[in-house]
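What follows is a set of notes on a single structure, which appears directly below.
Derivation of every value follows stated rules applied to the coordinates shown; laboratory data play no part. Here the structure is a predicted model, which is why all the values come from computation and not from measurement. Don't worry about glycine lacking a Cβ; one is built from the backbone with ideal geometry, like all the others, and counts go over all protein chains shown.
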RNA sequence: GCUCCCUUCGUCUAGCGGUUAGGACGCUGCCCUCUCACGGCGGUAACGCGGAUUCGAAUUCCGCAGGGAGCGCCA
């Protein structure tokens, strides 16, 4: 039997980090089992669903490089099918029309809450013969006795009493179907074999199983993944920084770094921390997914991001860096290539955004940090800088080795340590005290820019 | 309130009846060094509590506590 998984977000906002991890797990499992991964947009809430959100989710999936074999399916395009399934249940007496008013339901809930009972529908219309000509909803006739039992791949055996469940609404007064019903119909129609989703759906599962059975469907295997918490252990929210996947792009993370981070949040393979995509597909399994919720830790993501900036194919990194350069309006046509920037900067920055920001001086006029200038370009440093300028002007070639040697020679002649000349020079050509090794920096800058800036530093 | 889920270093985790409880991020000491970093070698720090089973429990069972989710004509 081919494995079929699905990711089914509702388009009421961007793709957030928890959803991305669920999608990743679904995607990985399908890939590993050589099955199919389906994307389904659950947009039955017409009020809250927007095209903007759909696009945002699709964009995020694309950026993460999580491709789907089928879809995106849209539930709003399947209303006929839901109607058909509902009619079937109605006809078989597995669902019924309920004419209870919202007021009655509210009163019922209030009463139950006051009595410290779990709010639920009381089955008022369950056995009514013919409904009057009033607006109605359709409710699923949930079994009242017995238990629903299923074996969750992550949690193990889960058992629910039917007596805890009530007759949920599967079609609204306006006849549109509701979530729990559309999920069931779709999972069945799309032959989903593995439902991998957030553990906030655990409580929906027994109801869905009951409906699946009423529909005569084969039950899928369930895997409920725990939530991602904020750094403070509380629910993830704006407070902790980014929630949306695309915010991580804006902050300068590589998709592979984010994915690697996400997969290790809850899943493990011994002590291994770094996984290529192929490795993940090969090694991923449900047996090693953790049951407990995990707190999001930005520091570790930074570490992974740097690792990926250093080790990913340079064109992959360059493509993403170009996006950031563009965003920061840095014109990189005149100056070192992005590949050169990456090899010079990757090990000293945590994000691509930082890399772009800190590489400005390779392409644009320097902006000097007054304090650094004051501290480094001192009267004592001037003789060395002047001597250096002359040496650099006459340099037959402009390469790292020669530059390094020149610096050392000048330092020796002035009887100072290399640092005493490298730092003033660094400030002179980059504006501040931090940059790649000075010889490399000069190579990237080129002779013209270097001399021009050096001259300015000496005379101003 | 009711139902369900969860609980190993600060964080992510390994562990599946016998380990000096391992790794990673972070923090930190030393080395390297032209700055910032990278890297190398160390250090720091954990089984929520109480019972039970067992020769032996982080591992099994039962309570408790703490945290979370669900209880919509939302998904």
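Considering only the Cα atoms of region A:104-156, their convex hull presents on average a projected area of 6.2 nm². Protection proxy ranking, highest mean first, for peptides A:33-44, A:248-259: A:248-259, A:33-44, where packing is the per-residue count of other beta-carbon atoms within 10 Å, averaged. Between residue A:172 and residue A:357, what FRET efficiency follows from the Cβ-Cβ distance if R0 is 41 Å, with the result rounded to 0.05? According to the calculation, E is roughly 0.20. Reducing region A:1-57 and region A:412-460 to their Cα centroids gives an inter-centroid distance of 52 Å.
In terms of other Cβ atoms within 10 Å, A:267, A:63 run from fewest to most in the order A:63, A:267. Each peptide in A:112-120, A:140-148 receives the mean, over its residues, of other Cβ atoms within 10 Å, and ordering these scores from highest gives A:140-148, A:112-120. The three principal axes of the Cα atoms in region A:365-460 give end-to-end lengths of 33, 29, 22 Å, sorted in falling order.
Counting DSSP beta bridges in chain A, what percent are antiparallel, to the nearest 5? About 50 percent, rounded to the nearest 5. Distance from the alpha carbon centroid of region A:332-388 to that of region A:80-106 works out to 69 angstrom. Pairs of Cα atoms nearer than 8 Å and 6+ residues apart set the relative contact order; for region A:335-460 it is 34 percent. In this simple spin-label approximation, residue A:273 and residue A:337 carry label points 7 Å from Cα along the Cα→Cβ vector, and these lie 3.1 nm apart.
If you take the beta carbon distance between residue A:1 and residue A:412 as r and set R0 to 60 Å, what does 1/(1 + (r/R0)^6) give as a FRET efficiency, to the nearest 0.05?
On the way: r = 75 Å, r/R0 = 1.26.
Here the calculated transfer efficiency is 0.20.
Treating each Cα of region A:79-225 as an identical point scatterer and summing with the Debye formula, the log10 of I(q)/I(0) at q = 0.14, 0.16, 0.22 Å⁻¹ comes to -0.71, -0.92, -1.47. Using 0.36 nm per residue and subtracting the Cα-Cα separation, the extra length available between residue A:127 and residue A:145 on full extension is 4.8 nm. If you plug the beta carbon distance of residue A:110 and residue A:297 into 1/(1 + (r/R0)^6) with R0 = 30 Å, you get a FRET efficiency near 0.10. Normalising the average separation of contacting C-alpha pairs (under 8 angstrom, six or more residues apart) by the number of residues puts the relative contact order of chain A at 12 percent.
Share of pairwise Cα-Cα distances greater than 24 Å in region A:305-448 is 35 percent (whole percent).
Calculation over all alpha carbon pairs of region A:1-153 in 10 angstrom steps from 0 returns a P(r) of 9, 24, 27, 27, 12, 1 percent. Over all Cα atoms in chain A, the spread is summed up by Rg and Dmax: 31.0, 106 Å.
Per-residue ellipticity at 222 nm from helix content only, as computed over chain A with -39500 (n - 2.57) for each DSSP H run of at least four residues, stands at -14000 deg cm²/dmol.
With the highest mean first, a sort of the peptides A:206-216, A:378-388 on other beta-carbon atoms found within 10 angstrom per residue produces A:206-216, A:378-388. Relative contact order of region A:303-362: 47 percent, from C-alpha pairs under 8 Å at least 6 residues apart in sequence.
What value does region A:229-346 have for Rg/Rh, both radii from Cα atoms and Rh as Kirkwood defines it?
Computed over Cα atoms, the ratio is 1.02.
Classified by the C-alpha gyration tensor, region A:313-364 has a rounded form. Its axis ratio a/c, with a ≥ b ≥ c, is below 1.5.
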